[in-house]
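Undergrad: For reference, the structure I am asking about is given below.
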Amino acid sequence: IPSVSSIVPESCLLIVVGLLVGGLIKGVGEKPPILKSDIFFLFLLPPIILDAGYFLPLRPFTENLGTILIFAVVGTLWNAFFLGGLMYAVCQLGGPGLNHIGLLANLLFGSIISAVDPVAVLAVFEEIHINELLHILVFGESLLNDAVTVVLYHLFEEFASFEQVTILDIILGFLSFFVVSLGGVLVGVIYGVIAAFTSRFTSHIRVIEPLFVFLYSYMAYLSAELFHLSGIMALIAAGVVMRPYVEANISHKSHTTIKYFLKMWSSVSETLIFIFLGVSTVAGHHYWNWTFVISTLFFCLIARVLGVLVLTWFINKFRIVKLTPKDQFIIAYGGLRGAIAFSLGYLLDYKHFGMRDMFLTAIITVIFFTVFVQGMTIRPLVDLLAVKKKQETKRSINEEIHTQFLDHLLTGIEDICGHYGHHHWKDKLNRFNKKYVKKCLIAGERSKEPQLIAFYHKMEMKQAIELVESGGIGKIPSAVSTVSIQNINPQTLPLERVLPALSKDKEEEIRKILRTNLQKTRQRLRSYNRHTLVADPYEEAWNQMLLRRQKARQLEQKMNNYLTVPAHKVDSPTMSRARIGSDPLAYEPKEDSENLPIITIDPASPQSPESVDLMSEEPKGCGGLPPSPEEDEEGLVMRVKEPSSPGTDDVFTPGNGDSPSNQRMLRCLSDPGPRPEPEEGEPFIPKGQ
């Protein structure tokens, strides 16, 4: 019935089914089965957590890890102690039925009921398709708060059997939190590495490859639970660590088996958990106390809202993408309780906790309220508040390239600033993984394959499978060969570029150059501090070298200017004649100037000197020819420059008149430079004949 399932979440419907089944069994006169904690923790919970951990979206999870940890650790501690303290006050004021419940029992009850349940969150949030950020924040909190719940539960359970609790016990209890959480992660990482290493040698027995994934994951969970460590964190760590290496080693069929088997296994467990929750509600012994139950429900909501508001105010000081009031509301409203709280309450011992039935009744009430009321109303509230939904987009090579480019860019910026943030450490981890871990855990050439190429292969495989499933390839008749298809649609092959063949030595040399110049871009830089700068012994030598280079460049520039700057504007004929007439001594010839070519200027000539092509002028007597009488009379000979033949270079091919004296003459004509002193140089323009 789609109309019902679109309004009521699947988890609510399953609980209703459980209530009906339990009522039917009880109506027949039989005793309904109760969800025992051992069955729940050992058989029903692990598949759900493994499915969540193995397919965890790692990038958004790691980017928001700080926020998730603050919500999971500080938020759960706040909920537990706030709720436990207020419930203790309610018990003291609530009359004779509640006076006997002490502080430790209330704190234990607070620790059970305060944790957000991953099963309930998954069941509701998968259906409303909330955006990735909010989903990973609430779901990540529900996964990681398991360590806090386990520690507080065992701590208060142990303290209940003590006659007196000392300060040392409290300190040891605080330290046990780190042992439980980090110990669970360590166990998961060890089993994840073992699973990845084992998958390296399974190429000849593909059938049992999925078995190793399930086996080692379950071993990680059992090993953690055996030592009272966090089994959920062990499962998540094992799934996250093994997945990239296992997927590189196993076949595509094994990958498909793991994917669908985990999805099926987790959904079966989820269904059984919610049905058993309904059956256990009918079958269990209940003790209803209005004051205790209503106070629990009210204080649960108050603690969650206050915790989210205060923690978000603190978190937003450090976040770039701030959590808006709408986001805060969804995070607070999405704090659903589920079967983990029920199973922990069911585990309580009657000997130390005589009020166990009342605790279970209050826990079931809170679970039903959060799953039914909050679970059913969160979808319309998301639509009403116009909260951003998850956009179903396929990942592309383009997106992957730009993502990697931005990662490298941000890592480089952090290095330049001297600030080692999470991009720096992520880059270090990737380098270590590529250099050492991949070689040990991935078989064959896949260990050296770049991330982008691996992603491309995955996309190609996915696209091919989708094409087959959609019937794209099925349209081609099987009898038609590829040759006949080419004949039907003939295609002209593109002309291949003729590339020069490289020898092996040359190719290796090019590779070596690229390796040395492209891969050593990262250098360890200290944070800048002017008080701690150390004098560099090479700095002075570098400065001297730079100064010498600068001087050489300036000198070269001056020489170029001297030889290439065009001559000054020549005066008009009237001004030239007046200047020569006023100062004839300036143009007196020297004694050793008989061998120089003589340039005669007729100031009264109507031709403007500006129209002369300097490159086509040849002084008389140049080119090895004796001066003719006509040239003696004319003084300066104008000749047309011969066009260069095709294939010759005007600049580098020497011409007929490129003798040293001719070049010198051309330079003088292009730029006479400053007038030389009489004792330094020779006269530029001799006195006319």
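The values are calculated or read from the model by the stated rules, or taken from the named source; none is laboratory data. Everything numeric here is computed off the predicted structure, so don't read it as measured data. Ideal geometry is used to build each Cβ from the backbone, glycine not excepted, and the neighbour counts take in all protein chains shown. Ligands, DNA and RNA are stripped out before the accessible areas are found, and what is left, the full protein with its side chains, is counted by its heavy atoms. Shrake-Rupley method; radii C 1.70, N 1.55, O 1.52, S 1.80 Å.
Undergrad: Given (1) open to solvent by less than 50 Å² (accessible area, probe 1.4 Å); (2) modelled with pLDDT under 90; (3) outside any loop (DSSP other than H, G, I, E, B), where does residue 405 come up short, assuming only one miss?
TA: With (1) open to solvent by less than 50 Å² (accessible area, probe 1.4 Å); (2) modelled with pLDDT under 90; (3) outside any loop (DSSP other than H, G, I, E, B) applied to residue 405, the lone miss is (1).
Undergrad: Hey, any hits in the range 365-377 for a residue that's over 24 Å from residue 269 (Cα atoms), among the hydroxyl-bearing types (Ser, Thr, Tyr), assigned to a helix (DSSP H, G or I) and not assigned by the TED database to the domain that holds residue 57?
TA: For the range 365-377, residues over 24 Å from residue 269 (Cα atoms), among the hydroxyl-bearing types (Ser, Thr, Tyr), assigned to a helix (DSSP H, G or I) and not assigned by the TED database to the domain that holds residue 57: absent.
Undergrad: Of everything in the range 349-363 that's part of a loop (DSSP other than H, G, I, E, B) and either open to solvent by 10 Å² or more (accessible area, probe 1.4 Å) or among the polar types (S, T, N, Q) (or both), which residue is modelled with the lowest pLDDT?
TA: 352
Undergrad: Given the conditions (1) more than 23 Å from residue 224 (Cα to Cα); (2) within 30 Å of the chain's Cα centre (by Cα); (3) open to solvent by less than 20 Å² (accessible area, probe 1.4 Å); (4) of a type outside the set (Ser, Thr, Tyr), report the number of the one that residue 140 does not fulfil.
TA: Answer for residue 140: the failing condition is (1).
Undergrad: Go through the range 366-380 and report how many residues are exposed (fewer than 14 other Cβ atoms within 10 Å of the Cβ) and under 17 Å from residue 299 (Cβ atoms).
TA: 1
Undergrad: Taking the range 249-268 as the region of interest, how many residues are surrounded by fewer than 20 Cβ atoms within 10 Å (Cβ to Cβ) and assigned to a helix (DSSP H, G or I)?
TA: Qualifying residue count for the region: 13.
Undergrad: Among the listed residues 282, 268, 305, identify the single one that is within 20 Å of residue 361 (Cα to Cα), of a type outside the set (Gly, Ala, Ser) and touching a residue at least 12 places away in the same chain (Cβ under 8 Å).
TA: 282
Undergrad: Please go through the range 374-395 and pick out each residue that is more than 32 Å from the chain's Cα centre (by Cα) and small (Gly, Ala, Ser).
TA: 375
Undergrad: When you look at residue 242, is it over 30 Å from the mean Cα position of the chain (by Cα) and either assigned to a helix (DSSP H, G or I) or in contact (Cβ under 8 Å) with a residue 12 or more places away in the chain (or both), yes or no?
TA: Here the answer is no, as residue 242 does not meet what is asked.
Undergrad: Next question, about the same structure. Under the condition of being at pLDDT 85 or above, more than 22 Å from residue 343 (Cβ to Cβ) and open to solvent by less than 30 Å² (accessible area, probe 1.4 Å), which residue from the range 72-113 is farthest from the chain's Cα centre (by Cα)?
TA: Here the answer is 91.
Undergrad: Moving on to the next point. Give me the residue from the range 153-173 that is among the acidic types (Asp, Glu) and more than 21 Å from residue 347 (Cβ to Cβ) and, out of that set, surrounded by the fewest Cβ atoms within 10 Å (Cβ to Cβ).
TA: Here the residue is 163.
Undergrad: Given the structure, is residue 18 open to solvent by less than 50 Å² (accessible area, probe 1.4 Å) and either free of Cβ contacts under 8 Å to residues at least 24 places away in the same chain or not assigned by the TED database to the domain that holds residue 274 (or both)?
TA: Considered against the rule, which asks whether it is open to solvent by less than 50 Å² (accessible area, probe 1.4 Å) and either free of Cβ contacts under 8 Å to residues at least 24 places away in the same chain or not assigned by the TED database to the domain that holds residue 274 (or both), residue 18 comes out as no.
Undergrad: Considering only residues that are more than 17 Å from residue 6 (Cβ to Cβ) and hydroxyl-bearing (Ser, Thr, Tyr), which ones fall in the range 364-381?
TA: Residues satisfying the conditions are 365, 370.
Undergrad: While we're here: Identify the single condition in (1) open to solvent by less than 20 Å² (accessible area, probe 1.4 Å); (2) at pLDDT 90 or above that residue 230 does not satisfy, given that it satisfies every other one.
TA: (2)
Undergrad: For the range 174-224, how many residues meet the condition of being surrounded by fewer than 17 Cβ atoms within 10 Å (Cβ to Cβ) and outside any helix (DSSP H, G or I)?
TA: 4
Undergrad: Moving on. Test residue 302 against the criterion of being more than 21 Å from residue 111 (Cβ to Cβ) and assigned by the TED database to the domain that holds residue 216, and give yes or no.
TA: So residue 302 fails the test.
Undergrad: Something else now. Just the residues that are closer than 19 Å to residue 41 by Cα and in a helix (DSSP H, G or I), please, taken from the range 110-126.
TA: Answer for the range 110-126, where residues must be closer than 19 Å to residue 41 by Cα and in a helix (DSSP H, G or I): 111, 112, 113, 114, 118, 119, 120, 121, 122, 123.
Undergrad: Within the range 245-259, can one find any residue that is aromatic (Phe, Trp, Tyr) and modelled with pLDDT under 90?
TA: No, because not a single residue in the range 245-259 is aromatic (Phe, Trp, Tyr) and modelled with pLDDT under 90.
Undergrad: Right, something else. Only one of these is free of Cβ contacts under 8 Å to residues at least 24 places away in the same chain and open to solvent by less than 30 Å² (accessible area, probe 1.4 Å): 312, 324, 296. Name it.
TA: It is 312.
Undergrad: Can you say whether residue 116 is open to solvent by 30 Å² or more (accessible area, probe 1.4 Å) and either assigned by the TED database to the domain that holds residue 327 or touching a strand residue (DSSP E or B) at 6+ places or on another chain (Cβ under 8 Å) (or both), as far as the supplied structure shows?
TA: No.
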